[in-house]
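These notes concern the structure reproduced below.
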Amino acid sequence: SKGSYPTFMLKEIDEQPAVMRRISQAYLNADGEPQISSELLQALAQADRLYFVAAGTSYHASLVGKRLFEKYTEIPTEVGVASEFGYHWPILSQRPFFIFLSQSGETADSRQVLVEAKRRGLPTLLITNAVNSTLAREADYVLALHAGPEIAVASTKAYTAQIAVEAVLAKALGEWRGIDAAREFDLQQQLSLAANGMETLVSDHETWSKIAAEYLTAVSDTFYLGRGIDYDVSLEAALKLKEISYVHTEGFAAGELKHGTIALIEPGVSVIVFITEETTAAHTRSNVQEVRARGAKVLIIASQNCQEHTDQMILPALTSELMPLLTGVCGQLLAYYATLQRGLNVDQPRNLAKSVTVE
Ligand code: F6R
């Protein structure tokens with residue numbers, strides 16, 4: 001039930017700090033060491049390449065997964081959109097390992113790839129919120145998200161839970177392989193910081209409502225921009241906004257804008273920019289100047305280490321690999337309020353179903 005909440009989506013957005021703490025408790029012991037079965041770690045450690053396969057928001061969480069796994073395990077990692085992968089299998093490495101992300105565990109596009117991977121005798125793991133689902137029965141290994149039921153069509157807490165569980169597994173596998181970065185990764189502390197940071201963001205409803213009113217009312221199109229991990233989140237934030245508010249929105253790699261899409265920038269367009277990567281912040285700032293000069297309304301969401309005094313939103317502190325736990329929540333809140341302000345059905349957008357069981 002929604003309890004005292006007006007919508008499931010708002011309830012699920014608000015639950016995210018608790019989900020972070022639950023994942024920390026479920027997967028980390030008192031010393032902060034990840035508790036993953038040695039059977040799974042052994043199977044993963046034999047892989048020369050990991051293949052993430054998923055759809056929609058789960059695909060976007062997989063993009064973050066690639067960054068986490070490459071940093072903490074040093075195993076090359078690929079990410080595929082399930083509906084593409086299923087019909088266009090890439091040439092696989094010698095010892096591939098498949099990781100499926102699916103909140104519902106029922107997505108037909110993802111299942112198609114899982115069935116074929118099994119037919120080929122390849123090892124498979126499912127990370128899911130539904131441990132009794134179809135995909136869970138079929139995968140060799142299953143890890144639970146512990147997010148609790150997600151009812152709103154737009155996925156929120158499953159996205160951040162997927163990233164947190166990816167971080168647990170990446171740390172566990174990296175340590176298993178003796179990677180220093182994994183050993184030094186204080187995940188317990190980071191998940192606690194993430195939970196606190198999310199709490200700060202979700203408790204500030206008035207600010208988000210105001211920002212949504214200022215930047216997302218009466219806009220023809222919206223673009224989310226970022227580089228690196230901020231680009232991954234731009235794709236997710238754009239999906240969230242377009243699927244419930246029906247505002248035409250795209251996520252772009254900030255540097256790609258000048259290769260074509262900047263032609264669309266004019267007054268009436270809003271641009272939302274994530275800047276949490278120190279190494280690329282200056283480049284993204286120059287993209288901001290370009291779109292401002294062409295009349296776009298620009299909202300900047302920056303981390304503390306990248307902030308400038310004119311930025312509208314500064315994020316609580318968190319390690320850069322886990323920033324999507326905070327920037328993702330910003331995208332959810334903006335989508336939520338933009339939709340509410342349009343008087344639309346937040347929980348059940350048109351044309352969409354919670355589980356997509358057709359290919
Ligand atoms: C977007 C959304 C969808 C799902 C996608 C995959 O908010 O909910 O994009 O993420 O249909 O669903 P699962 O994760 O259940 O496989």
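Between Ala181, Ala172, which is assigned to a helix (DSSP H, G or I), open to solvent by 10 Å² or more (accessible area, probe 1.4 Å) and at pLDDT 95 or above? If you could, list the steps in order and put the result at the bottom.
Details: Ala172 fails: open to solvent by 10 Å² or more (accessible area, probe 1.4 Å).
Only one candidate passes the filter, namely Ala181.
So that you can scan it fast, the table gives a plain yes or no per residue for (1) within 22 Å of Leu201 (Cβ to Cβ); (2) surrounded by fewer than 21 Cβ atoms within 10 Å (Cβ to Cβ):
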| residue | (1), (2) |
| --- | --- |
| Lys2 | yes, yes |
| Arg21 | yes, yes |
| Gln35 | no, yes |
| Asp48 | no, yes |
| Tyr59 | no, no |
| Ser62 | no, no |
| Lys71 | no, yes |
| Ile75 | no, yes |
Does Tyr141 count as aromatic (Phe, Trp, Tyr) and in contact with a Gly (Cβ under 8 Å, 6 or more places away or on another chain)?
-> no
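Among the candidates Thr160, Thr156, Thr134, which residue alone is at pLDDT 95 or above, open to solvent by less than 10 Å² (accessible area, probe 1.4 Å) and over 14 Å from Lys354 (Cβ atoms)? Walk me through how you get there before you give the answer.
On the way: Thr156 fails: over 14 Å from Lys354 (Cβ atoms); Thr134 fails: open to solvent by less than 10 Å² (accessible area, probe 1.4 Å).
Result of the check over Thr160, Thr156, Thr134: Thr160.
Output the residues belonging to segment 89-103 that are more than 10 Å from the ligand (Cβ to nearest atom) and open to solvent by less than 50 Å² (accessible area, probe 1.4 Å). Talk me through it step by step, then tell me what you get.
First pass over segment 89-103, keeping only residues more than 10 Å from the ligand (Cβ to nearest atom): 89-99.
Correct list: Leu92, Ser93, Pro96, Phe97, Phe98, Ile99.
Mind listing just one residue for me: the one in segment 301-359 that is of a type in the set (Ser, Thr, Tyr), assigned to a loop (DSSP other than H, G, I, E, B) and over 17 Å from Asp230 (Cα atoms) and, of those, least open to solvent (accessible area, probe 1.4 Å)?
To start, the set of residues in segment 301-359 that are of a type in the set (Ser, Thr, Tyr) comprises 303, 310, 319-320, 327, 336-337, 339, 355, 357.
Subset that is assigned to a loop (DSSP other than H, G, I, E, B): 303, 310, 319, 355, 357.
Okay, now just the ones that are also over 17 Å from Asp230 (Cα atoms), so 310, 355, 357.
Details: Thr310: 95, Ser355: 48, Thr357: 92 Å².
This residue is Ser355.
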Looking at (1) open to solvent by 50 Å² or more (accessible area, probe 1.4 Å); (2) under 18 Å from the mean Cα position of the chain (by Cα); (3) among the small types (Gly, Ala, Ser), which is the only condition Ala30 fails?
-> (2)
Glu106 vs (1) surrounded by 20 or more Cβ atoms within 10 Å (Cβ to Cβ); (2) within 15 Å of the ligand (Cβ to nearest atom): all pass except (1)
Members of segment 109-121 found to be over 15 Å from Arg137 (Cα atoms) and open to solvent by less than 30 Å² (accessible area, probe 1.4 Å), listed by number = Asp109
Working only within segment 209-236, note down all residues that are farther than 22 Å from Asn287 by Cα, in contact (Cβ under 8 Å) with a residue 12 or more places away in the chain and either assigned to a loop (DSSP other than H, G, I, E, B) or not hydrophobic (A, V, I, L, M, F, W, C) (or both).
-> Ser209, Thr217, Ala218
Kindly indicate whether any position in segment 212-229 is surrounded by fewer than 20 Cβ atoms within 10 Å (Cβ to Cβ) and more than 20 Å from Tyr336 (Cβ to Cβ).
-> yes
Starting from segment 290-319, take each residue that is within 26 Å of Met198 (Cβ to Cβ) and polar (S, T, N, Q) and list its partners that are open to solvent by 60 Å² or more (accessible area, probe 1.4 Å) and at pLDDT 95 or above, counting only C-beta distances under 7 angstrom and pairs at least six apart or across chains.
-> Asn305/Glu278
Say whether the condition of being of a type in the set (S, T, N, Q) and under 15 Å from the mean Cα position of the chain (by Cα) is met by at least one residue in segment 332-354.
-> yes
Restricting the first residue to segment 237-259 and requiring it to be farther than 16 Å from Ala212 by Cα and within 16 Å of the ligand (Cβ to nearest atom), which pairs with a second residue that is part of a helix (DSSP H, G or I) and open to solvent by less than 10 Å² (accessible area, probe 1.4 Å) meet a Cβ separation below 7 Å and a spacing of at least six or different chains?
-> Glu250/Ala238; Gly251/Ser234; Gly251/Ala237; Gly251/Ala238
Pairs under 8 Å by beta carbon, first residue under 27 Å from Lys354 (Cα atoms) in segment 85-104, partner open to solvent by 20 Å² or more (accessible area, probe 1.4 Å) and away from the ligand (no atom under 16 Å from the Cβ), six or more apart or different chains?
-> Gly86/Glu116; Trp89/Glu116; Phe98/Leu122; Phe98/Pro123
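The values are calculated or read from the model by the stated rules, or taken from the named source; none is laboratory data. These numbers were taken from a predicted model, which means no experiment stands behind them. Because the Cβ atoms are built from the backbone with ideal geometry, glycine has one as well, and the counts that use them run over all protein chains shown. With ligands, DNA and RNA removed, areas are computed over all heavy atoms of the protein, side chains included. Shrake-Rupley method; radii C 1.70, N 1.55, O 1.52, S 1.80 Å.
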